[in-house]
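Participant: Here you go, one structure.
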Amino acid sequence: MRQLAMVIDLNKCIGCQTCTLACKSQWTDRGGREFMYWNHVETEPGKGYPRDWKNAGGGWEGEQLRPGRLPRLHEDYGYPAEFNYEEALFEPTEKPLRPIQEMQWGPNWEEDQGAGEFPNSYFFYLPRLCNHCTKPACLAACPRQAIYKREEDGIVLIDQDRCRGYRYCVAACPYKKIYFNPTTGMSEKCIFCYPRVERGTPPACAYQCVGRARHVSYLDDREGPVHRLVNEWKVALPLLPQHGTQPNVYYVPPLSPPAFDADGRPGDKPRLPENYLEELFGPGVHDALATLEAEIERKGRGEASEVLDILIAYRHGDMFRLDRGGQQGGQGDA
Amino acid sequence: MLPAAFAQDLPPDAQALQDAGRLSVAGPGAPPLAVDDPRWDAAAAARLSLHPQIAITPGSEPVPARTAELRAISDGQSIALRVQWQDPSPDHSDGGRTDHFADAVSVQFAHPEGDGVLPYIGMGEPGRPVTVWYWQAGRGAEHLMAHGFGSLEKTAGTAPEHDARHDGEGWTVVLRGPLADAPLPVALAVWDGAANQRNGDKRLSAWHLVHVPGAPVERERYGALLAQQKVDGDPDQGRRLFTAHGCIGCHRVPGGADVAVGPDLRLAGAHHWPGYLRRMIEDPSAFIVPGKGYGIPGADGTLQSLMPRQALDAEEIEHIIAWLAGLGEKGGVGK
Amino acid sequence: MDRREFLKGTGYCGLALMFGGPLTALAVNNPAQAAAAAARGDRAWEALYREELLGTLGDAQGFAFHCSNCQGNCAWKVYARDGVVTREEQVAGYPQIHPRIPDANPRGCNKGIIHSKEMYQGDRLLYPLKRGGERGKGQWQRITWEQAFEEIAEKVVETLDEKGLEALMVYTGTGILSQGRRAGPLRLGALLGAQRMYPASAVGDMFTGASLAYGVTNIGHSLDAWFEAKTIFLWAMNPIVTRIPDAHYLTEARYNGARIYTITPDYNPSARSATDWVPVRPGTDAYLAMSLLHVLLRDNHIDEAFVREQTDLPFLVRTDTGELLRHRDLRPRGRDNVFYAWDEAADRAVPMPGTAGHHRETLRLGDIRPALGGTFEVQGRDGETIEVTTVLERVRAEAARYPPEETREITGVHPELVERMAADLAGAERAIINIGFAMHKYVSGTMTCWAAALACALTGHAGDRGGLDTENNWSLGGLGDLSNPKPARFGSGFFTEWLNGDMEKSMRRHYPDEHLRKTAGYDSDDVRRHVEEKKALGTSYFGRPSALLLFADNMFRRNKDESHYRETMLSGLDIFVNINHRMDSTALWADYVLPAKSHYESWDIRGELGYHRYCNITVPPKGLAPVGETRSEWEICLGLARAIARAAKQRGIEQIADPDFLEQEGDMAAPVIRDLARLEEDFTLGGTLPDDEAVVRWIMENVPAIAPWTPEDGAKHGFVILNEQAGYTSPLAANRPYYSFERNVYLREPYSTESGRQQFFVDHPTFRKLGCTVPTAMGPLRPPSFPLAFYTPHTRHGIHSQWRGNQELLRLQRGEPYIWLNPNTAAERGIGEDDPVRVFNDVGEFHCKVKLVPGVPPGAVVMDHAWEPYQFRKRLGLNNAVAGVLSLVELVDDWGHLTFSPNWDGNMIAFETSVEVERSDGGVQ
């Protein structure tokens, strides 16, 4: 099986939500999917989206599935608010423009909040989508074998002819990136834009990422950015690898400006605590950050750095290699 | 008791099945759709025990059984089935909620053509498919086919007409469709949305026969059914044999360990006719519930059951069946 | 080993007995199933999502950009099906300019990407509306375009006739900044002689600090230059949020080894993307800037050759008067605008070439070697001895007052950080100081910006060595005949708004005079006096209008002391027409609301005010169905022109002479004629400009910077590439980033200042009175009567109020306005996360929710600006609690390059107000 995979560079993600909306307008602005964000960006640290997903169970414990919770529409995902435009703007009223039903949560509820004490507060943006795992807990949990991994690209799909909306997959996914569609009564999730990929166009979230933070290529394509960043340079790591699903979305961990000491002097410790980053990205995060810092220093001295040149991505098209022949990809027209 | 007018329809084997509580007779006439149609009062009521499905994961917790009342009215062309069961909280699927499950009921119809063998109660089996009329609160009714757990599919068949009412204590649901889609053996399942029930997490009856007066009667079939109903062994010996032959190492039974290599048998008697148990012991690979890891590919590529044929003679098998057939009989899961 | 393998080949029953327990909660399916399922043949269902993709791609494709007051200017593909826009996607086809510079793809952000939702959203204006009841009461009647045009024209002609031309204001706000759509209202207003304000000043986006230094308010580089810089200061700027399409050049610059300092009070997204965050306390930036100069001068980080030639730092200053030494000081009937330096070679004062009054229009010094320091004596025109010193000496003396160890108490910035900033600025081959639009929202912003310009000058950062950036500015040229066929009454923005809205009241209420004198060096009466003087000049204010045609402007949202501004403004208006694509907080109060097309619906072009070299074209998808009865601005202005001509004829006033403007007729100067009867012909240039497509074609054919591209090229690609003539102070080279002032630095052309150089000494009496003849520290002004500093930076979820009410974006926020508070500041007041609060002071109040943000400094209230007032309880927006104070420096007029023009106007001061916050148990409804 080949595996199409993604690297998201958290130093280039600017939290702008363009990916979120690229995905939404491509797939989830209709048909009961309105509340879904197959791709979203949340601010870390935080409860995230759906609310408290990190404590909602799922994933593997050895060869066993860990039980998981089903997120609630209003409280955990956030209801897709409709607004009283007509009443507020075209009728005699003093009422403000508001969600008709008050919002309790949303995919970006904690935007720019983070943690820590001023002036040593910290945060970063974490874009999340289905990880198209090598060992998907969702697939294992589906009693109907409605979930499968495509031989040609490893994309994990929920067969919409077979799904009966039982939501074992929702509970089993440790990332909570499967959504139950109350309108169709079936579960849906990120499809890695396979209809675009099949036409030679990268997934909307990646291709339309204005921060140029996302690379897409086959994991075994040695010329591709994903292989080089993940396997050669080891600067891209899976999120919460301890869940055992072997994700195929990898993250370049975030750098941060130094924290200030008690006297207000900038120190030499990054303000993002390293143990916190290790919880998210595993023990490889220390080496990954050290590699980045060393390479940036080289660049600063005017020396060459292959890994930074990949991350810089001089041409947008260089970030994507979709065709299996391993030739230049990603310039296709959707 | 059968209404005398129709008793003549029934072959003697059928009468025996009725005596065993495994058969009821549909009322005659145009099948009504409304749950409160007065004609339902005249139709005979069968009371079916619905035990939690605990044999296969994902399944139910060993919750208490519920009773459903089943009435049928058929004119020989189409049939209406009315199911009533207790469920004080009506749970609908149309609230747009993601963490919530709806109450539902299904009527599963077997197609015991050919050898007249009843399919596996859990959604049939390959070669012995079942038709399912499925109704979910808030979503309506579907016509489905299946040949084993996990194989349910929408089919070209027309969805049954439906009517439903919740009266504060429970549901009354009528499903009506062509009789061709409704051969006689039926099984009921209900799901309680409030308990997050869906899929194999449900309460389930054993196969039950609905006799439609005036419908063609095949004596052979009733004979075959009767044979699947009969059991002639000693439960106590059966229990000993079950342990002695190591079955208890893989199947959970009352008093046994918490194992799940094979299906949980604590409610074997509540869901299975003896004939099914006999078939499985004699030839474990004849049917393997797919996708649960009960089978491994054999040399020829076909799936072979993890359970070997046991060195048991016919008499010993009957003892084990007699013991298993009693499990869950009292309406609960034994310790 | 998985379970299946374990069982294989064992007497499994017995073993399973031993391992029975742990197997209970076994996976429903095992991993082997993955392979089995992957190999499945039945994948016909996958057609489902393929068809959905085709659905979004539609049956027609056009191009567009989003031309509100965002300078991103990004080319998009717009897909439509059955006449309805289905989706938009970035063109992502801009060519790379050089292999070592990352390309500009894909330009476009979260706002652009949902514009198709905005286009059909519930706040969209669909039909011409006329108010039924009182203004602002929401009683609307739908009327026809003909009725609207006729009634409006009647009133406009009546106003022109009875109250004069200046009584009509035709103002196009920053909701449209594209050259195509903006042309219509500009042209109509100019033909009518209507007054219009300067938008950059009206919204408070002037960089007066840059104007002082360069005579140009908007200078800088194309944003791809970030990638080449080794030191970058992002000062009062948050480009990760506000420059989304170009933010990657910053993150990529960091990977390229740049040191990036983000200088902001809160730990904002740009701070988190930087190598260093400089947590300056709100409004104290000028002290930090002066400390930066202090260190640069102390450590002699001075590029002497640059300073001698390119700056006024060697210019001589009289020690007696504190004024620059001028030609008139030395010669009878000498000139005012010829200045001197001390020539070390000749040991005497010499007039410097390139100053405004000097006959040699070059910066070349020839044999002159200007002294940078020292005290000298020159002989005055009456033979007296005048002691002079250099500007640099003055600068040194001023900077000496601000050692970083001392300013730390004010700014909160550790001296080590200042030292490092200075060293990195001086040491970098290429350094850039970006000044954000937030800077001049403080009165001290002018000084901070000027000091930052000085820091760049000392270290020689100009031309392709970088330098100050106040948002780069192309100069397309060639548009005058389209947008200004006759002279319009072009007025100051901030000044007009302040007067029209009677903001003096709130200034006097909020700032006790004693406090103002202490922090700013002037008081309310000084402001009043300077206002009257500036008014008397008659060059930048035309009085409060009585008829207002307002295009794409949200003045009742934008202005300070919000409700009072609105009431004052409305009280003088006989007719208020609002032309807009959506119902905004200003349109709510109009007499007539005319529904305009928005970004995808008519031909348009945008090449000006960009961060890049690409000029984008809007070509609507074929067959696009009109949204309601909307019309483009051009179509609306044409309708108005036609109706005004008709009404004028009926009234018998076919022409109005406008003696305020003269045009040459033979040997005579004659008043400009406002030819109302010919308005339609004039508007359409004799019928050659009937519609938006014709306008775009005209622009492409007449703007030199667009050559050789044709409209067909634009329609094919969605963009064309500007040529080198687009550059303003430098040519725009095809294969490298753009930097300012190359003409000055390399060709030695004088700057547009009085000194002809980068200027750091201004001896206007106001500057002398305020002690700011050279850059100095001042502020903050906020009064202590309320304890919290209130500032309102730009949001990522809107361009000002545009898209602020967008459903998709509100779902990515919290659906309603909120302030940001430090958790400790909130806790002291018993306020918790998401609580409703009342924000108040002696100006007014508003209600909203609270978001606890640890990166916000204690003692501050931060709010994403530009929520629509109608999103607040009782529709009282955030500017109800902001006072309308002015900067005295920005009121200076009629002095050298500090004379009202697009390069010299002032700002609405937005961040100098204090507030208090309390829990609001009345909620936010």
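The values are calculated or read from the model by the stated rules, or taken from the named source; none is laboratory data. As the structure is a prediction and not an experimental result, all values here were calculated from the model. Note: ideal-geometry Cβ built from the backbone for every residue, glycine included; neighbour counts use all protein chains shown. Side chains are part of the model used for accessible areas, which takes the heavy atoms of the whole protein and leaves out ligands, DNA and RNA. Shrake-Rupley method; radii C 1.70, N 1.55, O 1.52, S 1.80 Å.
Participant: Mind checking whether some residue in segment C:425-439 is closer than 12 Å to C:Val295 by Cα and either in contact (Cβ under 8 Å) with a residue 24 or more places away in the chain or surrounded by 24 or more Cβ atoms within 10 Å (Cβ to Cβ) (or both)? Full working, then the answer.
Facilitator: Our first condition is that a residue be closer than 12 Å to C:Val295 by Cα; within segment C:425-439, this holds for C:425-426.
Next, from what is left, pick out any that are either in contact (Cβ under 8 Å) with a residue 24 or more places away in the chain or surrounded by 24 or more Cβ atoms within 10 Å (Cβ to Cβ) (or both): C:425-426.
Yes.
Participant: Right, here's the next one. Residue pairs, Cβ under 6 Å, 6 or more apart or interchain, first in segment C:332-349 and over 17 Å from C:Ala305 (Cβ atoms), second open to solvent by 80 Å² or more (accessible area, probe 1.4 Å). List them.
Facilitator: Note: pairs meeting the criteria are C:Pro332/C:Arg381.
Participant: Still on this model: Considering only segment A:113-133, state which residues are open to solvent by 10 Å² or more (accessible area, probe 1.4 Å), facing chain C (nearest Cβ under 9 Å) and either in a loop (DSSP other than H, G, I, E, B) or touching a helix residue (DSSP H, G or I) at 6+ places or on another chain (Cβ under 7 Å) (or both).
Facilitator: Scanning segment A:113-133 gives A:Gln113, A:Gly114, A:Gly116, A:Glu117, A:Phe118, A:Pro119, A:Asn120.
Participant: Please specify each residue of segment B:128-186 satisfying the condition of being at positive phi and within 13 Å of chain A (Cβ to nearest Cβ).
Facilitator: B:Gly138, B:Gly140, B:Gly148, B:Gly150
Participant: C:Ile176 is checked against (1) in the same structural domain as C:Glu633 (by TED's automatic domain parsing); (2) at pLDDT 95 or above; (3) within 24 Å of C:His66 (Cβ to Cβ) and fails just one. What number does that condition carry?
Facilitator: (2)
Participant: Let me ask you something else. Within segment C:656-664, identify whether any single residue is assigned to a helix (DSSP H, G or I), without any contact (Cβ under 8 Å) to a residue 12 or more places away in the chain and open to solvent by 10 Å² or more (accessible area, probe 1.4 Å), and answer yes or no.
Facilitator: Within segment C:656-664, not a single residue is assigned to a helix (DSSP H, G or I), without any contact (Cβ under 8 Å) to a residue 12 or more places away in the chain and open to solvent by 10 Å² or more (accessible area, probe 1.4 Å).
Participant: Let me ask something else about it. Could you check, for segment C:325-342, whether at least one of its residues is basic (Lys, Arg) and assigned to a helix (DSSP H, G or I)?
Facilitator: Yes, because at least one residue in segment C:325-342 is basic (Lys, Arg) and assigned to a helix (DSSP H, G or I).
Participant: Please state which one of A:Pro80, A:Pro107 is in contact with an Asp or Glu (Cβ under 6 Å, 6 or more places away or on another chain), of a type outside the set (Lys, Arg) and facing another protein chain (nearest Cβ under 7 Å).
Facilitator: So the residue among A:Pro80, A:Pro107 that is in contact with an Asp or Glu (Cβ under 6 Å, 6 or more places away or on another chain), of a type outside the set (Lys, Arg) and facing another protein chain (nearest Cβ under 7 Å) is A:Pro80.
Participant: Which is out of contact with any Phe, Trp or Tyr (no Cβ under 9 Å at 6 or more places or on another chain), in contact (Cβ under 8 Å) with a residue 12 or more places away in the chain and more than 10 Å from chain A (Cβ to nearest Cβ), of C:Glu845, C:Glu868, C:Glu833, C:Glu890?
Facilitator: Exactly one of C:Glu845, C:Glu868, C:Glu833, C:Glu890 is out of contact with any Phe, Trp or Tyr (no Cβ under 9 Å at 6 or more places or on another chain), in contact (Cβ under 8 Å) with a residue 12 or more places away in the chain and more than 10 Å from chain A (Cβ to nearest Cβ), namely C:Glu845.
Participant: Cβ-Cβ under 7 Å, sequence separation 6+ or interchain: first residue in segment C:607-626 and basic (Lys, Arg), partner open to solvent by 20 Å² or more (accessible area, probe 1.4 Å) and not in a loop (DSSP other than H, G, I, E, B). Which pairs?
Facilitator: From segment C:607-626, the pairs are C:Arg613/C:Ile721.
Participant: Hey, could you check segment A:151-167 for residues that are touching a residue at least 24 places away in the same chain (Cβ under 8 Å), surrounded by fewer than 22 Cβ atoms within 10 Å (Cβ to Cβ) and at the interface with another protein chain (Cβ under 7 Å from one of its Cβ atoms) and say which is farthest from A:Leu73 (Cα to Cα)?
Facilitator: Selected residue: A:Glu151.
Participant: Looking only at segment C:709-755, filter to residues that are open to solvent by 20 Å² or more (accessible area, probe 1.4 Å) and either among the small types (Gly, Ala, Ser) or in contact with a His (Cβ under 8 Å, 6 or more places away or on another chain) (or both); which one of those is nearest to C:Asn337 (Cα to Cα)?
Facilitator: C:Glu754
Participant: Oh, and also: Name the single residue that is nearest to B:Gly293 (Cα to Cα) among those in segment A:48-77 being within 11 Å of chain C (Cβ to nearest Cβ) and part of a loop (DSSP other than H, G, I, E, B).
Facilitator: The qualifying residue nearest to B:Gly293 (Cα to Cα) is A:Glu63.
Participant: Shifting gears a bit: Can you name the residue in segment C:330-345 that is modelled with pLDDT of 95 or more and under 25 Å from C:Gly460 (Cβ atoms) and, of all such residues, is surrounded by the fewest Cβ atoms within 10 Å (Cβ to Cβ)?
Facilitator: Going through the qualifying residues, I end up with C:Glu344.
Participant: Where residues in segment C:82-137 are among the charged types (D, E, K, R), in a loop (DSSP other than H, G, I, E, B) and open to solvent by 20 Å² or more (accessible area, probe 1.4 Å), which of them is farthest from the other protein chains (Cβ to nearest Cβ)? Write out each step before concluding.
Facilitator: Quick first cut of segment C:82-137, residues among the charged types (D, E, K, R) only: C:82, C:87-89, C:100, C:103, C:107, C:111, C:117-118, C:123-124, C:130-131, C:134-135, C:137.
Still in the running and in a loop (DSSP other than H, G, I, E, B): C:82, C:100, C:103, C:107, C:111, C:123, C:134-135, C:137.
Right, trim to open to solvent by 20 Å² or more (accessible area, probe 1.4 Å) and you get C:82, C:100, C:134-135, C:137.
Working: C:Asp82: 15, C:Arg100: 7, C:Glu134: 10, C:Arg135: 12, C:Lys137: 5 Å.
So the residue we want is C:Asp82.
Participant: Return the residues of segment C:228-238 that are surrounded by fewer than 24 Cβ atoms within 10 Å (Cβ to Cβ) and either more than 9 Å from chain A (Cβ to nearest Cβ) or part of a helix (DSSP H, G or I) (or both); say none if nothing qualifies.
Facilitator: Passing the criteria: only C:Glu228.
Participant: Taking the condition of being crowded, with 18+ Cβ neighbours inside 10 Å and either free of Cβ contacts under 8 Å to residues at least 60 places away in the same chain or of a type in the set (S, T, N, Q) (or both), how many residues in segment C:307-329 meet it?
Facilitator: 5
Participant: Taking the conditions exactly as written (within 14 Å of another protein chain (Cβ to nearest Cβ), part of a loop (DSSP other than H, G, I, E, B) and in contact with a strand residue (DSSP E or B) (Cβ under 6 Å, 6 or more places away or on another chain)), does C:Gly815 satisfy them or not?
Facilitator: Details: within 14 Å of another protein chain (Cβ to nearest Cβ): yes; part of a loop (DSSP other than H, G, I, E, B): yes; in contact with a strand residue (DSSP E or B) (Cβ under 6 Å, 6 or more places away or on another chain): yes.
When the stated conditions are applied, C:Gly815 passes them.
Participant: Looking at B:Asp94, B:Asp99, B:Asp115, which is the one that is open to solvent by 30 Å² or more (accessible area, probe 1.4 Å), over 23 Å from B:Trp171 (Cα atoms) and of a type in the set (Asp, Glu)?
Facilitator: One residue alone meets the criteria, B:Asp115.
Participant: In this structure, does C:Arg642 turn out to be in the same structural domain as C:Trp709 (by TED's automatic domain parsing), closer than 24 Å to C:Glu162 by Cα and among the basic types (Lys, Arg)?
Facilitator: Yes.
Participant: All but one of (1) under 27 Å from A:Gln3 (Cβ atoms); (2) facing chain C (nearest Cβ under 7 Å); (3) out of contact with any Ser or Thr (no Cβ under 6 Å at 6 or more places or on another chain); (4) at pLDDT 95 or above hold for A:Pro96; which doesn't?
Facilitator: So the condition that A:Pro96 fails would be (1).
Participant: With the condition kept exactly as written, say whether any residue in segment A:238-253 is over 30 Å from C:Ala47 (Cβ atoms), part of a strand (DSSP E or B) and not aromatic (Phe, Trp, Tyr).
Facilitator: yes
Participant: How many of the residues making up segment C:239-286 are within 25 Å of C:Asp464 (Cα to Cα) and in a helix (DSSP H, G or I)?
Facilitator: 16
Participant: Further, regarding this structure: Considering only segment A:168-226, how many residues are in contact with a Ser or Thr (Cβ under 9 Å, 6 or more places away or on another chain), of a type in the set (S, T, N, Q) and either surrounded by fewer than 24 Cβ atoms within 10 Å (Cβ to Cβ) or assigned to a strand (DSSP E or B) (or both)?
Facilitator: The qualifying residues number 1.
Participant: Then there is this: Restricting to segment C:859-874, name every residue that is modelled with pLDDT under 95 and either in contact with a Leu (Cβ under 9 Å, 6 or more places away or on another chain) or open to solvent by less than 10 Å² (accessible area, probe 1.4 Å) (or both).
Facilitator: C:His865, C:Ala866
Participant: Only one residue in C:Thr795, C:Thr825 is surrounded by fewer than 23 Cβ atoms within 10 Å (Cβ to Cβ), under 26 Å from the mean Cα position of the chain (by Cα) and within 11 Å of chain A (Cβ to nearest Cβ). Which one?
Facilitator: The unique qualifying residue is C:Thr795.
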